[in-house]
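Written below as structure tokens is the structure these notes are about.
The values are calculated or read from the model by the stated rules, or taken from the named source; none is laboratory data. Predicted, not measured: the structure shown is a model, and the values here were computed from it. Positions of Cβ are backbone-derived with ideal geometry, glycine not excepted, and every protein chain shown enters the neighbour counts. Note: areas computed on protein heavy atoms with side chains; ligands, DNA, RNA excluded. Shrake-Rupley method; radii C 1.70, N 1.55, O 1.52, S 1.80 Å.
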Amino acid sequence: MQRILVIDDDSSVLSFLKRGLLYEGYAVDVADSGEAGLTQARARYPDIVILDVMMPGIDGLEVLRRFRAADEKLPIIMLTARDAPEDQVKGLNTGADDYVTKPISFDVLMARVRSLLRRHQAEAPSVLHFADLEMNVESFTLKRGGRKVILTSLEFRLLQTFLENPERVMNKQLLLDKVWGTDFFGDANVVEVYVKQLRQKLEAAGEARLIQTIRGAGYVLRELERFS
């Protein structure tokens, strides 16, 4: 299930969009300020963001800049009551992928959402690399160095999530949402179990550890520096 984050200080807009997007089959998170939106994204990373421009505190353009500093490819649609070309150009130059003006036509917004998600998926590489790992997501194969590694489907999806987010610390809840889905209500410690299994398979020939534990924060795909 693809996750949409809606950030808008208008509660009626949040309610309207959340209801419609849930009906369309998306997982939806909402935030009523720029600060809350950034916090929400750190807890559960979205597949696309719908972001209001005019908000008190951290406005939409600043939120957009912060998202872009962390992720150049995250699809972001701006909402604005300003339809002047110069306002839209400013947002697009800051890094927005598209603009929808208020009052919002839900059908138009959905067309933009679907288009951006399709484009984002089409741009995703079929072969992922990190260090000496090579994963082919189409043939469902993994190699470490020249060694073939056999994974279960869940192990594969978990490692794919790490490979798609190298050097990014991800907590258990984020990994549960991305790999097991938002409707999973089991024990979050299942993540520890699968990380342990992945490590055993990836390090079976004595290779260095790539999935690191960040105490109190989660896990990260990272090479540790070696000192002589």
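A Förster distance of 22 Å, applied to the separation of the beta-carbon atoms of LEU224 and ASN93, puts the FRET efficiency at 0.05. Count the lysine pairs in the chain that are 8 or more places apart or on different chains: how many have C-alpha atoms under 24 angstrom apart? For the chain, the number of qualifying lysine pairs is 16.
How high is the relative contact order of region 108-228, in percent, with contacts defined as C-alpha pairs under 8 Å that are six or more residues apart?
Relative contact order of region 108-228: 20 percent.
Lys and Arg at +1, Asp and Glu at -1: add these up for the other residues within a Cβ distance under 15 Å of ASP107 and post the number. Write down the numbers at each step before the final one.
Working: positive: ARG19, LYS102, ARG112, ARG114; negative: GLU24, ASP98.
Spelling it out: positives minus negatives among the neighbours equals +2.
Using 0.36 nm per residue and subtracting the Cα-Cα separation, the extra length available between ALA204 and SER11 on full extension is 64.2 nm.
Please give the contour-minus-distance gain from GLU138 to GLN212: 0.36 nm per residue of separation, less the Cα-Cα distance, rounded to one decimal in nm.
24.0 nm
Remark: the GLU192-GLU35 segment gains 53.5 nm on full extension, using 0.36 nm per residue and subtracting the alpha carbon distance. A simple spin-label model places pseudo-atoms 7 Å from Cα toward Cβ; at GLN173 and THR152 they are separated by 2.6 nm. When peptides 45-53, 110-118, 70-78, 143-151 are ranked by their average number of other Cβ atoms within 10 Å per residue, the highest-first order is 45-53, 70-78, 110-118, 143-151. Between region 93-121 and region 149-219, what's the alpha-carbon centroid distance in Å? Taking the Cα centre of region 149-219 as reference, the centre of region 93-121 is 31 Å away.
Normalised by the number of residues in region 28-108, the mean separation of alpha-carbon contacts (under 8 Å, six or more apart) gives a relative contact order of 26 percent. By the helix-only formula, in which each DSSP H run with n ≥ 4 contributes -39500 (n - 2.57) and the sum is divided by residues, the chain has a 222 nm mean residue ellipticity of -12000 deg cm²/dmol. Treating r as the C-beta distance of MET54 and ASP107 and R0 as 30 Å, the FRET efficiency rounds to 0.80. Across the chain, Cα pairs under 8 Å and at least six residues apart give a relative contact order of 13 percent. Convex hull of alpha carbon positions in region 130-202: directionally averaged projected area 4.9 nm².
Calculated accessible area for region 146-227 comes out at 57 Å² per residue, all protein chains present (probe 1.4 Å; ligands, DNA, RNA ignored).
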